[in-house]
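Below: the structure, in structure tokens.
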Amino acid sequence: MKLQDLDIIVTAPPAPGWGGRYWIIPKITTDTGVVGYGECYASSVGPDAMKAVITDVFERHMLGENPENIELMFRRAYSAGFTQRPDLTVMGAWSGLEIACWDILGKDRDRPVHALIGGRMNDRVRAYTYLYPQPNHPLPDFWASADMAAESALAMVDKGYTAVKFDPAGPYTIRGGHMPAMSDIETSVAFCKAIREAVGDRADLLFGTHGQFSTAGAIRLGQALEPYSPLWYEEPIPPDNPGEMAKVAQAVRIPVATGERLTTKAEFATVLRSGAATILQPALGRSGGIWETKKIAALAEVYNAQMAPHLYAGPVEWAANVHLAASIPNILMAETIETPFHHGLIKGAIAVADGYITPPTAPGLGFDFDEDLARAHPYTDDGLHLQMQEDPINYVGGNIFAGGAPVKD
């Protein structure tokens, strides 16, 4: 069996766009007719440019190769052009293609992917959700309202979720780490207080940021949140300086989590060695794919750290996350996004029930991908999957982070 044909589907989730502006889904077909789907979580260039990168990686390193040879193909892509270092864009392309290879292998062997990477360690995977507005919550008011966030949290906990994530500390900008405004600290404390009062001890609070703070600013904010005992403090400073993040981890009595913007074991190993985080959040469509992230999980075991795969993408990456989570001993939880479009693309094959995900037992990634639905929602805009604010934050009138949702008419 050899990898033969590549097609790349770029689909845009309908408004309000939870999961980003678009999802990049490579489809690989073998010479024996087996089809596999993956997802590339790489957004530093636009989808047209990414399609060219994905095509180049496939044709240069994978075309005509046996899909079993994951390690060989990874080393080709990782070493290409005399690099042998993490490259966010190339590894994003590789990651989606690698996930598709595992889908192919599972289908060819009539086994779920997790059975091929060590077997099922966990019969169910704890799920967490971001706090999205309820039908009665107006936008953009929701993003600055602790009371609405508490209502959303209670609704999610009533559905069975035991952990909820929110990030009210203001927008992330191209300017690097900044000192939070006092209003941002007060808003963040108000969110934690209201949500904790609403859910009590029924759920963990997951406090998200997007690497937007200076080291000193992250320490100030984190210490203010300590009375509400969040389970984690996510990416408190930019992800390119684990040494400084370690200072935050040492100064704040909340576990630090990071990883959605990192790729390969090389970057995650630096996080672990420096003590920057004890919870790793790889996005499998960026981190190197399933096999590379399995290695990252093994490194984390050595440091007694846990894994919490990140998801701000589509359901194919989610499926890969779930198979990885099913196979490792140090899984903490996995992020989920429940929208009709997510469920429609995989025809409801994977779902959250009572706060947990049951790993699929169907071959490959465990779903029948709805190509017609994906192609019926082409991406026609020119924005990136996520975009950072260019203006500095406001120290006078307060700041609002709109939950990663792109503006849509």
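Observations
- Selection of helices (runs of 4 or more DSSP H) fully inside region 315-409 by the criterion of at least 1 residues being open to solvent by 30 Å² or more (accessible area, probe 1.4 Å) and within 19 Å of Val35 (Cα to Cα) returns 371-375.
- Of the residues Ile104, Ile99, the single one that is closer than 22 Å to Ala49 by Cα, in a helix (DSSP H, G or I) and of a type in the set (A, V, I, L, M) is Ile99.
- Members of region 1-34 found to be of a type in the set (A, V, I, L, M, F, W, C) and under 29 Å from Leu386 (Cα atoms), listed by number: Leu6, Ile8, Ile9, Val10, Ala12, Ala15, Trp18, Trp23, Ile24, Ile25, Ile28
- Residue, nearest to the chain's Cα centre (by Cα), within region 241-285, restricted to residues that are among the β-branched types (Val, Ile, Thr) and either modelled with pLDDT under 95 or not in a loop (DSSP other than H, G, I, E, B) (or both): Thr258
- Looking at Tyr172, Tyr128, just one residue is open to solvent by less than 30 Å² (accessible area, probe 1.4 Å), more than 18 Å from Lys193 (Cβ to Cβ), modelled with pLDDT under 95 and among the aromatic types (Phe, Trp, Tyr), and that residue is Tyr172.
- For the criterion of being of a type outside the set (Ser, Thr, Tyr), closer than 30 Å to Gly36 by Cα and open to solvent by 40 Å² or more (accessible area, probe 1.4 Å), Met182 fails.
- Residue within region 93-104 that is in contact (Cβ under 8 Å) with a residue 40 or more places away in the chain and farther than 25 Å from Leu262 by Cα present: yes
- Residues in region 1-54 that are surrounded by 17 or more Cβ atoms within 10 Å (Cβ to Cβ) and β-branched (Val, Ile, Thr): Ile8, Ile9, Val10, Thr11, Ile24, Ile25, Ile28, Thr30, Val34, Val35, Val53, Ile54.
- Criterion (touching a strand residue (DSSP E or B) at 6+ places or on another chain (Cβ under 8 Å), under 17 Å from Ile117 (Cα atoms) and either open to solvent by less than 40 Å² (accessible area, probe 1.4 Å) or among the basic types (Lys, Arg) (or both)) met by exactly one of Ala297, Ala249, Ala308, Ala277: Ala297
- When each of Gly314, Gly275, Gly285, Gly259 is tested for being at positive phi and in contact with a Ser or Thr (Cβ under 9 Å, 6 or more places away or on another chain), the lone residue that passes is Gly259.
The values are calculated or read from the model by the stated rules, or taken from the named source; none is laboratory data. Remember, predicted model here, so these are calculated numbers, not experimental data. So basically every Cβ, Gly included, is an ideal-geometry build from the backbone, and we count neighbours across all protein chains shown. When the accessible area is computed, the model is the full protein with side chains, heavy atoms only, and any ligands, DNA or RNA have been set aside. Shrake-Rupley method; radii C 1.70, N 1.55, O 1.52, S 1.80 Å.
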